[in-house]
Each structure stands twice: as structure tokens, then as C-alpha cells.
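Beneath this line is the structure, given in C-alpha cells, with notes to follow.
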Amino acid sequence: MICMTSMKKPNQNKLTCGELPKSYLIYNLNQYEKIRYFVLCGLALTGISYLFYHSVVLALIASFASVFFIQPYKHYLAEKRRKELKGQFRDVLYSISASLSTGHQMAEALSEAADNLSLIYSKDSLIVMELSLMAKRMNEYRESEEEILKDFASRAAIDDITDFVDIYLTCRKTGGDLIKVLTKASEIITDKITVEKEIQTLTAQKRFEAKILTAIPIFIIFALQLLSPGYLAVMYEGIAGRVLMTLALAGIAASYFISNQLTKIEV
């Protein structure tokens with residue numbers, strides 16, 4: 001049970017405790033985001049198409065291709081949100097480990113984590129809203145922390161969160177040393193998240209360079225059109241010129257896709 005209050009369609013930019021996503025694998029664009037996407041993407045496709053073909057008709061037709069890119073855009077936003085949640089979960093582990101080491105139970109540790117992280121992050125941050133909702137479900141609706149954590153892990157679909165919850169549930173079932181096992185697991189998962197974040201930082205420059213290299217050919221063509229319009233005139237006349245410009249555009253798109261795949265880090 002995710003929504004404890006209203007069942008209104010969530011605004012993914014500014015969520016409330018009753019509007020947390022049912023799955024972090026899916027990003028639902030709100031009305032403003034849809035309009036912004038179609039306007040910006042349509043203008044970009046129109047401009048690039050006209051730059052490569054000098055045809056108003058083709059440029060207008062290309063603007064409708066933004067429909068085909070909306071799913072990859074949603075996937076990008078979902079992955080970005082999951083990375084944000086994963087980074088914030090590292091601080092949750094710190095807080096839970098500290099609480100458990102002082103003899104508190106998991107329910108108390110989660111409630112304390114909600115209070116502690118509200119001092120670090122804003123109230124509308126994902127992890128603060130998640131923890132606040134957990135505390136509300138435990139205190140007001142008397143739900144067990146096991147079911148709440150299983151629900152959170154299922155919706156987040158992040159390996160580190162799932163591993164932590166599985167370890168906790170296994171300890172509860174087998175009667176293991178909960179504090180010792182969870183503290184050690186928290187340290188390992190925290191170290192893993194830290195290493196992944198460092199890798200993302202190290203590869204950030206390469207990703208930026210890849211974007212620059214992808215954009216350079218487009219800027220060169222644009223500059224030639226401004227400074228020497230006749231230099232590329234032959235490329236806009238006849239079938240051969242159109243084919244070459246199409247191949248050039250396809251090559252730029254392929255290089256951007258390949259560079260993204262090479263520097264991509266799974267959450």
C-alpha cells in the first residue's frame with residue numbers, strides 16, 4: 001500500500017508521501033514535462049533536419065519523430081532517479097547501522113533515519129519521503145517493518161537495496177546475530193556504492209567529451225552554412241548529396257549511441 005491518502009496522479013518532480021512511484025523502473029511524465037519534451041525535442045529535430053537537408057517539409061516531418069524518442073527519455077529519467085535514490089540509500093545505511101549498534105530495533109532505526117536524513121536532504125527528496133512513509137505505516141497503520149522493507153525493495157528495483165532487505169529478512173527468520181550481520185552488510189554495500197559513485201565521477205569527463213565530439217560535426221556544418229553557404233551546396237543537390245548527408249547524420253547518431261554504451265554504468 002503506497003498511497004495512504006489520495007490516489008491522484010503523481011507529479012514526479014515534486015512527490016509527496018502519498019505520491020511515491022509504484023515502481024522506480026517506470027517514470028511517468030506529468031503534463032508540463034510532456035509539453036516541454038515535445039517542444040524542445042521537436043525544435044531540435046527540426047533544426048538538425050533542416051541543417052542536413054535544407055528542406056522545410058522534411059524538417060517538419062522530422063519533428064514528429066520526437067514521439068519515438070519519448071520512451072528512451074523516460075528510461076533515462078527513471079535511471080537518473082534510481083541513481084539518486086541509490087546514492088541517498090548509502091546515508092540510510094549509516095544511520096541504521098548506528099541505531100542498531102546502540103541496541104535499537106529496525107523499526108526504531110528506520111524512524112530515526114527519517115529524522116536524521118531530513119536534516120541532510122530536503123523534505124521532498126526521495127529518500128526522506130520514503131522513510132517518512134515507512135514511519136507513518138509502522139506507527140499509524142501498524143504494518144510490520146518486514147513488509148514495508150520488502151515493498152520498498154520491490155519498487156526500487158536496486159540490487160543493493162534488495163540485498164540489504166534480503167539479509168535482514170534472512171536474519172529475522174534464522175535468528176542470526178542481526179546487529180553484527182546487518183552492520184557488516186551495511187559496510188560492504190556502502191563501500192560498493194561509494195566505489196560506483198567514484199567510477200561515475202571518473203567517467204563523467206569522458207561522457208562530456210563524447211557529447212562534445214558528437215556535437216562538433218553539427219556545429220561545423222552550421223558554421224559553414226553561415227560563413228560559406230556555397231561550400232556545401234553540392235551536398236543538398238541530387239540523390240548522391242542527400243545520401244551522403246544521411247550517412248553523415250547516421251554516423252553522428254551511431255557515435256553518440258556507442259559512446260553512451262561504453263560509458264554507461266548500471267544502477
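Expressed as a whole percent, how much of the Cα-Cα distance distribution for the stretch 73-195 exceeds 18 Å?
Working: 3813 of 7503 pairs.
So the pairs more than 18 Å apart make up 51 percent of the total in the stretch 73-195.
Excluding residues on the same chain fewer than 8 positions from Lys80, give the aspartates and glutamates whose Cα lies under 20 Å from its Cα.
Glu19, Glu33, Asp91, Asp124, Glu130, Asp159, Asp160, Glu196, Glu198, Glu209, Glu266
Counting pairs on different chains as well as pairs 8 or more places apart, how many Lys pairs in the stretch 138-267 have Cα atoms under 19 Å apart?
For the stretch 138-267, qualifying lysine pairs total 9.
Accessible area per residue of the chain at 1.4 Å probe, in Å²?
Heavy-atom accessible area per residue stands at 58 Å².
Within the chain, which whole H helices from DSSP have a Cα span along their axis of at least 15 Å and a mean Kyte-Doolittle hydropathy of -0.5 or more, if any?
Result, helices passing both filters: 31-53, 106-117, 126-139, 159-174, 178-227, 238-262.
Which three numbers, in whole Å and largest first, are the semi-axes of the equivalent ellipsoid of the stretch 147-267 derived from its Cα gyration tensor as √(5λ)? Mind showing how you got there, number by number?
Details: eigenvalues 585, 46, 16 Å².
Taking √(5λ) for each eigenvalue gives 54, 15, 9 Å, largest first.
Mean residue ellipticity at 222 nm from the helices of the chain, using -39,500 (n - 2.57) per DSSP H segment of n ≥ 4 over the full residue count, to the nearest 500 deg cm²/dmol? Before the final figure, lay out each step's value.
Values: 9 runs with 192 residues, N = 267.
One gets -25000 deg cm²/dmol as the mean residue ellipticity at 222 nm.
Given a cut-off of 34 Å, what percent of all Cα-Cα pairs of the chain lie beyond it?
Working: 13450 of 35511 pairs.
Summing the P(r) of the chain above 34 Å gives 38 percent of all pairs.
Just read off the accessible area of Asp163 with the full protein assembly in place, 1.4 Å probe, to the nearest 10 Å².
70
Considering the Cα trace of the stretch 147-195, what is its radius of gyration and what is Dmax, both in angstroms?
Every Cα atom of the stretch 147-195 included, Rg and Dmax give 11.0, 31 Å.
Answer with one residue from Ile61, Val181, Ala253: the one whose Cα lies farthest towards the positive end of the charge dipole of the chain, charges on Cβ with Lys, Arg +1 and Asp, Glu -1.
Looking along the dipole axis, the top candidate is Ile61.
The values are calculated or read from the model by the stated rules, or taken from the named source; none is laboratory data. Source: prediction; values computed, not measured. So basically every Cβ, Gly included, is an ideal-geometry build from the backbone, and we count neighbours across all protein chains shown. Each accessible area value is taken on the protein alone, full model and side chains, heavy atoms only, with ligands, DNA and RNA left out. Shrake-Rupley method; radii C 1.70, N 1.55, O 1.52, S 1.80 Å.
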